[in-house]
Each structure stands twice: as C-alpha cells, then as structure tokens.
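Chemist: Please find one structure pasted underneath; my questions will follow.
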Amino acid sequence: MGTEEREASPERLARNLAAVREKISAAARLAKRDPAEVTLVAVSKTHGEDLVAAALAAGQRVFGENRVQEAQAKFPSLKQRFPDLELHLIGPLQTNKAADAVALFDVIQSLDRPKLARALAKEMAKQGRRPNCLVQVNTGEEPQKAGVAPAEAEDFVAFCRGELDLPLGGLMCIPPAEEDPAPHFALLRRLAERCGLPLVSMGMSGDFETAVELGATHVRVGTAIFGARPKPAP
Ligand SMILES: *Cc1c(COP(=O)(O)O)cnc(C)c1O
C-alpha cells in the first residue's frame with residue numbers, strides 16, 4: 001500500500017481507486033461507522049490533468065492539491081466540465097496567495113496562523129466566496145512543520161470563528177513520518193470534539209485505514225491511487 005514504483009495507468013488508477021474505497025468502507029464498518037461519513041480526497045499533486053480526468057471518469061470528485069499555482073494550471077477547465085468537482089488545498093498557503101486560493105479552492109485545509117486567517121477573511125469578504133476552512137494542527141509539535149500547537153488549537157479556532165467569522169469546519173494533521181500515527185489521530189479527533197468541529201482530516205496512503213478507525217471524516221490519499229509521483233520539475 002502506497003509503495004507503487006510507477007505512476008498509474010488510467011486502468012490501474014480505476015482499480016486502485018476501487019481498492020482504496022473498499023478499504024475505507026471496511027475500516028469504517030470495523031469501527032461501526034457509516035462509510036458514507038468518510039470523504040476520500042484524491043491527492044493529485046504532480047500528476048497531470050489526464051490522470052485527474054481518468055479519476056473523474058472513475059467517479060472520483062474530491063481532489064487535493066498542495067500548491068496554488070499547480071492547481072490553477074490543472075483544475076479550472078476540469079471544474080467547468082465537472083461542476084460537482086470539489087478541490088481541497090492541503091499544502092502551506094502564503095498570505096500573498098490567499099486571494100487565488102479563495103477564488104479556486106472549495107476547502108482550505110492548511111489554515112495555520114493568525115495572519116493567514118485575517119488574509120482569508122478579507123478575501124472572502126471581497127470575493128463573496130467562502131471556502132470551508134480546516135485548521136492544521138502540528139500534533140507532533142515538530143519545529144519545521146506547519147500547524148498550530150495542540151495547546152493553542154482551541155484559542156485559534158475561537159479567534160477564527162469569533163473575531164473573523166471564518167467558515168471553519170474542522171481540523172487537519174500530518175503526523176511525524178517516523179511515528180505511530182494512531183496517537184496523533186486520536187489527539188486530533190479529541191481536539192475537534194472539544195472545539196465542536198465536525199470535520200477531521202487525517203490519514204494518507206500508508207495509514208488511512210487507521211485514521212478511519214479513529215474518526216477521520218476526510219482521508220488524503222495520493223500514492224495508493226495515482227502511483228508514484230513523477231519527480232517535480234527542477
Ligand atoms: C502528498 C500529501 C498527501 C498524500 O500522500 P500519499 O502518501 O501519497 O498518500 C496527503 N496529505 C498531504 C498534506 C500531502 O501533502
């Protein structure tokens with residue numbers, strides 16, 4: 001799982017998607033959850049528009065990208081052809097790209113600091129478009145990683161909702177790569193409950209079943225669907 005060495009062909013991609021969906025359903029049933037509560041975000045970063053089109057043909061509608069510019073190059077025409085396509089930003093967002101992000105994305109999962117929250121609120125008021133936001137929590141408290149510290153999450157959520165009136169739906173995390181993700185997933189879920197937020201985005205190709213068992217409402221899966229990522233352009 002998640003260790004394919006090549007980018008998937010369209011046929012392979014359809015089989016991968018079906019297998020991932022089946023595993024999500026099985027993990028949900030195991031946890032006595034309704035599989036319909038879990039949204040699969042297909043992470044298409046670095047893959048071409050043709051492969052995204054193949055995923056759309058296989059019925060996938062929710063996609064995740066980590067760079068605003070790359071998503072701007074790939075998605076506007078696809079969004080016109082598929083009005084129910086839902087695009088999530090899952091990577092770090094610079095304040096000077098807030099306007100572009102608000103214009104293009106349906107969900108912004110990487111809200112991680114007051115300055116960005118203010119910029120998003122300003123842009124939403126200006127554009128009249130309100131993409132749902134998730135606060136990224138640095139559950140491992142890794143110095144190099146984005147996200148608010150777990151102890152600060154509640155205050156930050158209150159600030160975004162209260163002072164800025166941002167549309168805030170939930171929390172997101174990327175656990176440290178070398179650690180057992182389960183305690184991080186459990187922590188994120190608890191924090192979301194404490195904040196009264198319904199959405200919990202956690203779990204990637206290597207651990208999405210664990211995330212579903214621990215309450216994920218969104219899993220972000222790239223490699224297990226699209227195969228290995230082509231090397232980014234230098
Ligand atoms: C790339 C990425 C993913 C998907 O990772 P895979 O291991 O390929 O499934 C999920 N979440 C974020 C934030 C990512 O950047």
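We did not get these values from a lab; they are worked out from the coordinates using the rules stated. Worth saying up front: this structure is predicted, and the values here are computed from it rather than measured. Reconstructed Cβ throughout: ideal geometry from the backbone, glycine too, with neighbour counts over all protein chains shown.
Chemist: Counting other C-beta atoms within 10 Å, and keeping those with at most 13, which DSSP coil GluC sites (Glu not before Pro) do you find in the range 116-224?
Modeler: Here the GluC sites (Glu not before Pro) that fit, given the DSSP loop and packing criteria, are E141, E178, E179.
Chemist: Here is a follow-up. Scaled to the compact-protein estimate 2.2 N^0.38 Å, what is the alpha-carbon radius of gyration of the range 32-111, rounded to two decimal places?
Modeler: 1.10
Chemist: List the residues of the range 158-193 whose backbone N lies under 15 Å from a point placed 7 Å from the Cα of E141 along the Cα-to-Cβ direction.
Modeler: 176, 184, 187-188
Chemist: Sort all Cα-Cα distances of the range 163-207 into consecutive 5 angstrom bins from zero, then give the percent of pairs in each bin up to the one containing the longest distance.
Modeler: Binned Cα distances yield the sequence 5, 22, 28, 20, 13, 8, 3, 1.
Chemist: Determine the equivalent ellipsoid of the range 77-163 by diagonalising the alpha-carbon gyration tensor, then write out the semi-axes as square roots of 5 times the eigenvalues, largest first, rounded to whole Å.
Modeler: Computed over the range 77-163, the values are 24, 15, 11 Å.
Chemist: Moving to a separate point now. What lysines sit close enough to K23 to cross-link, taking a C-alpha to C-alpha distance under 30 Å and skipping anything fewer than 8 places away on the same chain?
Modeler: Partners found: K32, K45, K74, K79, K145, K231.
Chemist: To continue, here is another question. Can you tally the net charge around D165? Count Lys and Arg as +1, Asp and Glu as -1, for every other residue whose Cβ sits under 12 Å from the Cβ of D165.
Modeler: Summing Lys/Arg as +1 and Asp/Glu as -1 gives +3.
Chemist: Sticking with this structure for a sec: What do you get for Rg/Rh of the range 106-234 when both radii come from the Cα atoms and Rh is the Kirkwood radius?
Modeler: 0.99
Chemist: Relative contact order for the range 145-221: what is it in percent, counting Cα pairs under 8 Å that are at least 6 residues apart?
Modeler: 26
Chemist: Would you mind calculating the relative contact order of the chain from Cα pairs under 8 angstrom and at least 6 residues apart, reporting the percent as a whole number?
Modeler: 26 percent.
Chemist: Moving on to the next point. Would you be so kind as to identify which of L85, V221, V135 lies farthest towards the positive end of the dipole of the chain, taking Lys and Arg as +1 and Asp and Glu as -1 on Cβ and the Cα centre as origin?
Modeler: Ranked along the dipole, the leading option is L85.
Chemist: How compact is the range 133-191 by the rule of thumb for globular proteins, expressed as Cα Rg over 2.2 N^0.38 Å?
Modeler: Taking the Cα Rg and dividing by 2.2 N^0.38 Å, one obtains 1.12.
Chemist: Still on this structure, I have one more. With contacts defined as alpha carbon pairs under 8 Å and 6 or more residues apart, what's the relative contact order of the range 65-111 in percent?
Modeler: Over the range 65-111, the number comes to 44 percent.
Chemist: A103 to R190: FRET efficiency via 1/(1 + (r/R0)^6), r the Cβ-Cβ distance, R0 30 Å, to the nearest 0.05?
Modeler: Plugging the Cβ-Cβ distance into 1/(1 + (r/R0)^6) gives 0.30.
Chemist: Calculate the tail of P(r) for the chain: the fraction of all Cα-Cα distances greater than 29 Å, expressed in %.
Modeler: Counting every Cα pair in the chain, those more than 29 Å apart make up 24 percent.
Chemist: Follow-up question, since we're still on this one. In debye, nearest 20: dipole of the range 120-234 around its Cα centre with unit charges on the Cβ of K, R (+) and D, E (-)?
Modeler: Value, rounded to 20: 660 debye.
Chemist: Gap in Å between the Cα centre of the range 173-229 and the Cα centre of the range 94-139?
Modeler: 21
Chemist: Under Stokes-Einstein, with the Kirkwood radius over Cα pairs standing in for Rh, what whole-number D in µm²/s applies to the range 115-157 at 37 °C and 0.692 mPa s?
Modeler: 280
Chemist: Quantify how much of the Cα-Cα distance distribution of the range 1-137 extends past 19 Å, in percent.
Modeler: Of all Cα-Cα pairs in the range 1-137, 55 percent lie more than 19 Å apart.
Chemist: In angstroms, what radius of gyration and Dmax does the range 33-79 have, counting Cα atoms only?
Modeler: Rg and Dmax of the range 33-79, Cα atoms, are 11.7, 37 Å.
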